[in-house]
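Report on the structure given below.
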Amino acid sequence: LEDQFATAQKMQAVGNLAGGIAHDFNNVLTVITASVDFLLMNQKPGDPAFQDLLLIKQSANRAASLVRQLLAYSRRQTMRPKMLSLTDVVADLDLLLKRIAGDRTKLERRHARDLWPVMADIGQFEQVITNLVGNARDAMPNGGTISIATRNVDAAEAPTYEHPEMPKIDYVLVEVADTGTGMPADVAERIFEPFFTTKEIGKGTGLGLSMVYGIIKQSNGFIYVDSTEGKGTVFRIFLPRYVPDVAVTMPDQTKPTGTPE
Ligand code: ADP
């Protein structure tokens, strides 16, 4: 219980911190976005700098969505969930993910056909995937393989036996696996805590996975880690299948509790 209290206090600290810096950070991003737009106006798709400028622009957009996410974390901004295909979101990130993974790391994707839709915020979900891929790369200093897979898991197949907290419903599963160092059980237990990091100062903040966890919870999903030291790690994300025609009552997490920005 004491641990839970400490975690809650840390969460609160992150929230306050986030709310405080988000505004200044947004101003910086506006300058970057405006400048890169200006440069892009004078470029054609074949020009040498075009791809890089585009990446700068995409990254600035993602940084802006991270700011939104941080604000959401501090409960000052509303989520914007919509119906989407997680395969599409992952596929659209391909270039960025390859850059994150680096030259020594192979990035594989496997997507099942006819993936069910889910309700999620695109920017948030991009944050989840880029975070997991960044961690996977960090766990493979000598290279290796990162595989991302998406598939449907119907209610009968959902691992509710292993995880009794999961309702027995249809899910879309996203798996991010690496062939890296893996982690011991005592580390795996703590990775979703804010500020928990095993990385050296300046390399890790310990915020990535706590944000990932917050996002998945806000989307009514579940995230589990399965890691073997010396072999690698698998993150499994289950998001509820979205069934448009059936009225499903979801807990309202979009109401801001603080003052709006
Ligand atoms: P950070 O990356 O800044 O350390 P995170 O919250 O993203 O913060 O991760 C917390 C810790 O979880 C990492 O420091 C690392 O010890 C562990 N971790 C996360 N992902 C992996 C992975 N794919 N393989 C091994 N360890 C991991």
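All of the numbers you see were taken from the coordinates with simple rules; none came from a lab. Keep in mind that what you see is a predicted model, and the values were worked out from it rather than measured. Quick reminder, even Gly has a Cβ in these numbers, built from the backbone with ideal geometry, and neighbours come from all protein chains shown.
Here is how the numbers come out for the structure above:
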| read-out | value |
| --- | --- |
| Cβ crowding within 10 Å averaged over residues, with 180-189, 229-238 ranked highest first | 229-238, 180-189 |
| Spacing of the two label points (7 Å from each Cα toward its C-beta) at Lys44 and Asn142, in nm | 4.7 nm |
| Dipole in debye (nearest 20) - the stretch 156-216, about Cα centre, beta carbon charges: Lys, Arg +1; Asp, Glu -1 | 260 debye |
| Filter on Lys199/Lys231; Lys98/Lys199; Lys57/Lys82; Lys57/Lys106; Lys203/Lys231; Lys82/Lys203 - keep pairs with C-alpha separation over 30 Å | Lys82/Lys203 |
| Length added when fully stretched, Val243-Glu165, from 0.36 nm per residue minus Cα-Cα | 26.0 nm |
| Order of Ile148, Ile100 under a 10 Å beta carbon neighbour criterion, fewest first | Ile100, Ile148 |
| Burial order of peptide ranges 206-219, 118-131 (average beta-carbon count within 10 Å, highest first) | 118-131, 206-219 |
| Inter-centroid distance (Cα atoms) of the stretch 38-60 relative to the stretch 83-145, Å | 22 Å |
| Charge dipole (the stretch 50-198, unit charges on Cβ, about Cα centre) - positive-most of Gly182, Asn152, Ala120 | Ala120 |
| For Lys106, Lys57, order by how many other beta-carbon atoms lie within 10 Å, fewest first | Lys106, Lys57 |
| Arg109 long-range amide H proximity, modeled H, under 5 Å | Ile148 |
| Sites Asn152 and Thr198 - FRET efficiency at Förster radius 35 Å, r taken between beta-carbons, to 0.05 | 0.55 |
